[in-house]
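Remarks on the structure that follows.
The values are calculated or read from the model by the stated rules, or taken from the named source; none is laboratory data. Note that the coordinates shown come from a computational prediction; the quantities given were computed from them, not determined experimentally. For neighbour counting, all protein chains shown are included, and Cβ atoms are generated from backbone atoms with ideal geometry for every residue, glycine included. The area values use the complete protein model at the heavy-atom level, side chains included, leaving out ligands, DNA and RNA. Shrake-Rupley method; radii C 1.70, N 1.55, O 1.52, S 1.80 Å.
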There are 2 protein chains.
Amino acid sequence: MSFDSQTTHKTHDIKALIFDVFGTLVDWRSSIADQVKKHLSPKFSLDWYAFADAWRAQYQPSMQKIRSGEIAFCSLDTLHLINLNQVINDLKLMGIDDHTKQQLNLAWHNLNSWPDVSPALKGLREKFVIAPCSNGNISLMIDLARYNDFHWDAVLGSEIAGNYKPHPVVYQKSVQALGLQPYQVMMVAAHSSDLEAAAKQGLKTAFIQRPFEHGPLGSFNHHLAETAPLCPVDFSALDLGDLLIQLS
Amino acid sequence: MSFDSQTTHKTHDIKALIFDVFGTLVDWRSSIADQVKKHLSPKFSLDWYAFADAWRAQYQPSMQKIRSGEIAFCSLDTLHLINLNQVINDLKLMGIDDHTKQQLNLAWHNLNSWPDVSPALKGLREKFVIAPCSNGNISLMIDLARYNDFHWDAVLGSEIAGNYKPHPVVYQKSVQALGLQPYQVMMVAAHSSDLEAAAKQGLKTAFIQRPFEHGPLGSFNHHLAETAPLCPVDFSALDLGDLLIQLS
């Protein structure tokens, strides 16, 4: 009884859910490793997961230059390509032409979602307006949605805000675009830094466990995945299906 | 044969269709008249279609203040509310409280689409990325899509551009968000001014006939509807179903 009433109290105001995408909804690591292997093998023989990790490792530093105002806003596609060149140089992979790099860069447009995501989003959309609030650009989000059969109500996030999460303006602009108040919007993510920043702007928060975002048990970066939120949240769920149950 | 090869030539490059919404996809006039009547009758007895026409007549002048730089960008919801107050004052309708005005203003979020639109959009989405490129704000587009069962890939238009059509930046930002070149995007509209402005930015254009946008034959503003494009276009269609056939 007390649990029900608490849940009702928490969910009563929520009109929209906005989602982190990389890691929370899609398994970027194995998808990138697979696609890079398809493009570069057998010419190169590499640890393809390490390639994916190295590419992703450039992600936060490249956005930080924009968040700090050091460089003007550009799309994540642009940053991914700059970062790809960096990884290729670091690994001393010679002879990869520009066309191949462009194709490789599109790997981020075709990432497999975790198995629970597509059916859970369908259920969540029956109750809430749903939109990505990702650092990915709009065309990247369009392609990911088509690839995984997501039906978004709109595409929010970095491109409409002209900045990158966790900069406050990204949450503010996303809430504004929904025509709602911050307490009526819940940020859903597998990363506490994202949720903490959203909560500071008045949004509700839901943590989703993605224990294998950085690889299976035993892999080098496995420990980077958060198995529990590092900040107070309104909901904490095993996966998106569990969140749907908690919000029903 | 020559028609087929011409069509193939025209359609070959097109990857995305972006749509004008008010008038082209939805019948704003009868929908607004119906909803205003529901809110204000029987307290007031009016020509509800004339009310809808008067409200819509404020649309272009209110946006022009933003296009010209006279005032800062604000959402169409905000402009609609300002314009509604103007109409209420002009008609000397006394005693309408703020809550009722807010409810009336949401009438623009619940407009009926023309009967051909919903099925044709489903077919067009199988072949193209589709998005509204409307002067309506994102939350208005979300509500219209849910009301009419549209499945947009993204919501483009005025809010992501911070300006109103036919300002060039709205078409430019929409093309940029799609990650495409202008010639790969086609603007679909029932209004030549919209198509002419899109064409100037390098987009392809499709004209859709909406002979009853401003009312049936015999109504005061019926003549405002365009029955043929007033500028060169790539496609001219009887309705959206006809466009689907021409693009198939």
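Per-structure values
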read-out: Long-range neighbours under 7 Å by Cβ, at least six apart or interchain, first residue touching a residue at least 40 places away in the same chain (Cβ under 8 Å) and closer than 21 Å to B:ASP143 by Cβ within the range B:84-111, second part of a helix (DSSP H, G or I) and β-branched (Val, Ile, Thr); value: B:LEU104/B:VAL36; B:ALA107/B:ILE32; B:ALA107/B:VAL36
read-out: Criterion: away from every other protein chain (no Cβ under 14 Å) and in contact with a helix residue (DSSP H, G or I) (Cβ under 8 Å, 6 or more places away or on another chain) - qualifying residue of A:TRP55, A:TRP108, A:TRP152; value: A:TRP55
read-out: Count - residues of the range A:80-93 that are away from every other protein chain (no Cβ under 14 Å) and under 20 Å from A:PHE22 (Cα atoms); value: 4
read-out: B:PRO119 being more than 12 Å from chain A (Cβ to nearest Cβ) and more than 17 Å from B:MET187 (Cα to Cα); value: yes
read-out: Output for the range A:184-219, where each listed residue is in contact with an Asp or Glu (Cβ under 7 Å, 6 or more places away or on another chain) and farther than 16 Å from A:ASP20 by Cβ; value: A:GLN184
read-out: Strands (runs of 3 or more DSSP E) wholly inside the range B:163-237 containing at least 1 residues that are open to solvent by 40 Å² or more (accessible area, probe 1.4 Å); value: B:235-237
read-out: Residue check, B:GLN64 farther than 16 Å from B:ASN221 by Cβ and either out of contact with any helix residue (DSSP H, G or I) (no Cβ under 8 Å at 6 or more places or on another chain) or part of a loop (DSSP other than H, G, I, E, B) (or both); value: yes
read-out: Of all residues making up the range A:107-135, the number that are closer than 22 Å to A:ILE160 by Cα and among the β-branched types (Val, Ile, Thr); value: 2
read-out: B:ALA237 vs. criteria within 15 Å of B:ILE18 (Cα to Cα) and touching a strand residue (DSSP E or B) at 6+ places or on another chain (Cβ under 7 Å); value: no
read-out: Inter-residue pairs, beta-carbon under 8 Å, first in contact (Cβ under 8 Å) with a residue 60 or more places away in the chain and open to solvent by 30 Å² or more (accessible area, probe 1.4 Å) and in the range A:46-58, second small (Gly, Ala, Ser) and assigned to a loop (DSSP other than H, G, I, E, B), 6+ apart; value: A:TYR49/A:GLY215; A:TYR49/A:SER219
read-out: Where B:ASN163 falls short, out of the listed (1) away from chain A (no Cβ under 12 Å); (2) over 29 Å from A:ASP143 (Cβ atoms); value: (2)
read-out: Filter result (polar (S, T, N, Q) and within 8 Å of chain A (Cβ to nearest Cβ)) within the range B:136-149; value: B:ASN137, B:SER139
read-out: Flag if A:ASP77 is surrounded by fewer than 22 Cβ atoms within 10 Å (Cβ to Cβ), in the same structural domain as A:ALA50 (by TED's automatic domain parsing) and either of a type in the set (Gly, Ala, Ser) or under 26 Å from B:GLN181 (Cα atoms) (or both); value: yes
read-out: Filter result for the condition that a residue is touching a Pro at 6+ places or on another chain (Cβ under 6 Å), within 14 Å of another protein chain (Cβ to nearest Cβ) and on the phi < 0 side of the Ramachandran plot, over B:VAL175, B:VAL169, B:VAL185; value: B:VAL175
read-out: Filter pass, B:PHE44 being part of a loop (DSSP other than H, G, I, E, B), among the aromatic types (Phe, Trp, Tyr) and within 14 Å of chain A (Cβ to nearest Cβ); value: no
read-out: Helices (runs of 4 or more DSSP H) (entirely within the range B:96-156) containing at least 2 residues that are surrounded by 15 or more Cβ atoms within 10 Å (Cβ to Cβ) and among the polar types (S, T, N, Q); value: B:138-148
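Matching residues to (1) closer than 20 Å to B:CYS133 by Cα; (2) free of Cβ contacts under 8 Å to residues at least 40 places away in the same chain; (3) touching a helix residue (DSSP H, G or I) at 6+ places or on another chain (Cβ under 7 Å):
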residue	(1), (2), (3)
B:SER193	yes, yes, no
B:PHE207	yes, yes, yes
B:ARG210	yes, no, no
B:HIS214	no, no, yes
B:GLY218	no, yes, no
B:HIS223	no, yes, no
B:PRO229	yes, yes, yes
B:LEU247	yes, no, yes
